[in-house]
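K.L.:
Here it is: the structure, laid out below.
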Amino acid sequence: MPVDQDHTITITTTSPEETKAFGQVLAGLIEQGDVLSLAGDLGAGKTCLVQGIAQGLNITEPLTSPSFLLRKDYSGTDANGNRIDFAHLDIYRLDTLHDLDVLGLDDTPDTVAVIEWGDAAHEVLPNDRLDIHIALPPLEEGDDEQRTITLIPQGNHWAAKLNQDWMT
């Protein structure tokens, strides 16, 4: 699926299972050191998407939101079968951007970092990352399982990845 003119891709899922399945497909693009920043309202499906990404990276441990721990680390394999370190972060409870230092992102540059509520920290995240926004449908539409997922590449690395035929 080619990237549109403003380098975004938008897809719609109609169930948590479809959201996880999309995360599994997205995992096929992930490489060591990638940063993905997730945004969306409470209950939008951020953790559900991350669970799909983790499944796509062959992470067998149960993945839950790290809201109170802030960071959980896992080990899996990428699309080529190489070991990949994966950090799932939830920065919703951080008071300041300085608090990001305690999460050790700078200390683990080869780790894939998926950051829930990452939109609150864009100014200190790497310029080359994938921003993902998950939106709920308007209440009047009545479909509480539908999600609109928008991928917004920041930097050439993710724009190049998304501008290829990867959604098969």
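The values are calculated or read from the model by the stated rules, or taken from the named source; none is laboratory data. Predicted, not measured: the structure shown is a model, and the values here were computed from it. For neighbour counting, all protein chains shown are included, and Cβ atoms are generated from backbone atoms with ideal geometry for every residue, glycine included.
K.L.:
Where residues in the stretch 107-117 are at pLDDT 85 or above and not small (Gly, Ala, Ser), which of them is surrounded by the most Cβ atoms within 10 Å (Cβ to Cβ)?
P.N.:
So, considering only residues that are at pLDDT 85 or above and not small (Gly, Ala, Ser), the one surrounded by the most Cβ atoms within 10 Å (Cβ to Cβ) is Ile115.
K.L.:
Find the residue count for the stretch 34-58, including only residues that are over 13 Å from the mean Cα position of the chain (by Cα) and within 11 Å of Asp78 (Cβ to Cβ).
P.N.:
1
Results for (1) buried (at least 17 other Cβ atoms within 10 Å of the Cβ); (2) over 22 Å from Ala21 (Cβ atoms); (3) at pLDDT 85 or above, shown as yes or no for each residue.
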{"position": "Gln55", "(1), (2), (3)": "yes, no, yes"}
{"position": "Tyr74", "(1), (2), (3)": "yes, no, yes"}
{"position": "Ile84", "(1), (2), (3)": "yes, no, yes"}
{"position": "Arg93", "(1), (2), (3)": "no, yes, no"}
{"position": "Thr96", "(1), (2), (3)": "no, yes, no"}
{"position": "Asp99", "(1), (2), (3)": "no, yes, no"}
{"position": "Leu103", "(1), (2), (3)": "yes, yes, no"}
{"position": "Asp119", "(1), (2), (3)": "no, yes, yes"}
{"position": "Ala135", "(1), (2), (3)": "yes, no, yes"}
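K.L.:
Tally time: how many residues in the stretch 57-72 are in contact with an Asp or Glu (Cβ under 7 Å, 6 or more places away or on another chain) and surrounded by fewer than 17 Cβ atoms within 10 Å (Cβ to Cβ)?
P.N.:
Number satisfying all stated conditions: 2.
K.L.:
Further question: From the list Leu36, Leu29, which residue is in contact (Cβ under 8 Å) with a residue 12 or more places away in the chain and assigned to a strand (DSSP E or B)?
P.N.:
Of Leu36, Leu29, the one residue that is in contact (Cβ under 8 Å) with a residue 12 or more places away in the chain and assigned to a strand (DSSP E or B) is Leu36.
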